[in-house]
1. More than 21 Å from Ile67 (Cβ to Cβ), outside any helix (DSSP H, G or I), small (Gly, Ala, Ser) and at pLDDT below 85: does that describe Ala243?
2. With respect to Gly81, determine if the residue is over 24 Å from Tyr221 (Cβ atoms), of a type outside the set (D, E, K, R) and without any contact (Cβ under 8 Å) to a residue 40 or more places away in the chain.
3. Which residue pairs have Cβ atoms under 7 Å apart, sit 6 or more places apart or on different chains, and have a first residue in segment 57-73 that is farther than 16 Å from Met204 by Cβ and a second that is outside any helix (DSSP H, G or I)?
4. Report whether or not Tyr41 is modelled with pLDDT under 90, surrounded by fewer than 24 Cβ atoms within 10 Å (Cβ to Cβ) and of a type outside the set (D, E, K, R).
5. Restricted to segment 166-223, and to residues that are without any contact (Cβ under 8 Å) to a residue 12 or more places away in the chain and within 21 Å of Met55 (Cβ to Cβ), which residue is surrounded by the most Cβ atoms within 10 Å (Cβ to Cβ)?
6. Determine whether Leu105 is surrounded by fewer than 17 Cβ atoms within 10 Å (Cβ to Cβ) and touching a helix residue (DSSP H, G or I) at 6+ places or on another chain (Cβ under 9 Å).
7. May I ask you to list the residues in segment 99-136 that are in contact (Cβ under 8 Å) with a residue 60 or more places away in the chain and among the basic types (Lys, Arg)?
8. Within segment 79-92, track down each residue that is more than 12 Å from Phe191 (Cα to Cα) and surrounded by 16 or more Cβ atoms within 10 Å (Cβ to Cβ).
Amino acid sequence: MPAQPDLILLGALLVGVGLFGGVLSGLLGVGGGIVIVPALYHVFAYLDVDPSIRMHLAVGTSLATIIPTSIRSVRGHYRRGAVDLTLMRQWGIPLAIGVLIGTCLAAFARGRELTMVFAAVALIVALQMVLMRHDWKLRDTIPRGLPGALPPVGIGTLSAMMGIGGGTLAVPTLSMFGVPIHRAVATASGFGLIISVPGAIGFMVAGWANPLLPLPWYLGYVSLLGFVVLVPATLIAVPWGVALAHWLKPRPLRWAFAGFLALTSARMFIDLFA
């Protein structure tokens, strides 16, 4: 482990990551996990954590930090009457099934495979943010039955494997099914809770007896230091992002964030194949 001055620097970096993730969460309606996971990946590299579990720790820690932020977010949206409870009930069970699948896959996957999943999906999301028209729809209503269960299962699976709250994938998906953007963002905040609680517990259990973990800093694949520092910073910054969203133009901000995702994806692909 690094010396005390290095830990102070590490704590400051984690605070910055939490603030940035919180602002983006409130500003663009995406979960902070899409920022926190790659940041933690590099932090754990700095700490010389074994590469085989580095991505597992980044994903597990991110899922744990999403629990309190999701609670705060969904309560705020619910008070404004923006959460679609019917949609929550319709997608809740298949979303949880997807989380279970994704957590099991992540537990047995190598760090390289988890990094590949994150890099590929981050690149797709970046392209979607830049290229897809916001008024484009696949259909006007959300499908029911088996076809309607497939999207939430897929979102839950990928979100658990990537350490994100689901908003990054759920909001554009719901928009394609004709759900108004504000209702999609509000309801997706509730999905974050469905994803993060079982996902974080699963990563704790999966890494519980791993001898590569540098105890006592980790609870399974969840970094206690990362959780303690990131959560307050993220909670503080979410309202800042919400306030900024009311007076900044969203299009250039989406492009800037898409550029950040593309660069993050490229860096991960370089690490994989260099």
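The values are calculated or read from the model by the stated rules, or taken from the named source; none is laboratory data. Computed from a predicted model, the values in this text were never measured in an experiment. Glycine also receives a Cβ, built like all others from the backbone with ideal geometry; neighbour counts cover every protein chain displayed.
1. Values: more than 21 Å from Ile67 (Cβ to Cβ): yes; outside any helix (DSSP H, G or I): no; small (Gly, Ala, Ser): yes; at pLDDT below 85: yes.
Judged against the criteria, Ala243 is not a match.
2. On the way: over 24 Å from Tyr221 (Cβ atoms): yes; of a type outside the set (D, E, K, R): yes; without any contact (Cβ under 8 Å) to a residue 40 or more places away in the chain: yes.
So Gly81 passes the test.
3. Thr69/Gly32; Ser70/Gly165
4. Numbers: modelled with pLDDT under 90: yes; surrounded by fewer than 24 Cβ atoms within 10 Å (Cβ to Cβ): no; of a type outside the set (D, E, K, R): yes.
Considered against the rule, which asks whether it is modelled with pLDDT under 90, surrounded by fewer than 24 Cβ atoms within 10 Å (Cβ to Cβ) and of a type outside the set (D, E, K, R), Tyr41 comes out as no.
5. Our first condition is that a residue be without any contact (Cβ under 8 Å) to a residue 12 or more places away in the chain; within segment 166-223, this holds for 180, 201, 209, 211, 215-216.
Among the residues that remain, those that are also within 21 Å of Met55 (Cβ to Cβ) are: 201, 209, 211, 215.
Working: Ile201: 17, Ala209: 8, Pro211: 6, Leu215: 7.
Within segment 166-223, the match that is surrounded by the most Cβ atoms within 10 Å (Cβ to Cβ) is Ile201.
6. Details: surrounded by fewer than 17 Cβ atoms within 10 Å (Cβ to Cβ): yes; touching a helix residue (DSSP H, G or I) at 6+ places or on another chain (Cβ under 9 Å): yes.
Yes.
7. Answer for segment 99-136, where residues must be in contact (Cβ under 8 Å) with a residue 60 or more places away in the chain and among the basic types (Lys, Arg): just Arg112.
8. First pass over segment 79-92, keeping only residues more than 12 Å from Phe191 (Cα to Cα): 79-82, 86.
Passing the criteria: only Ala82.
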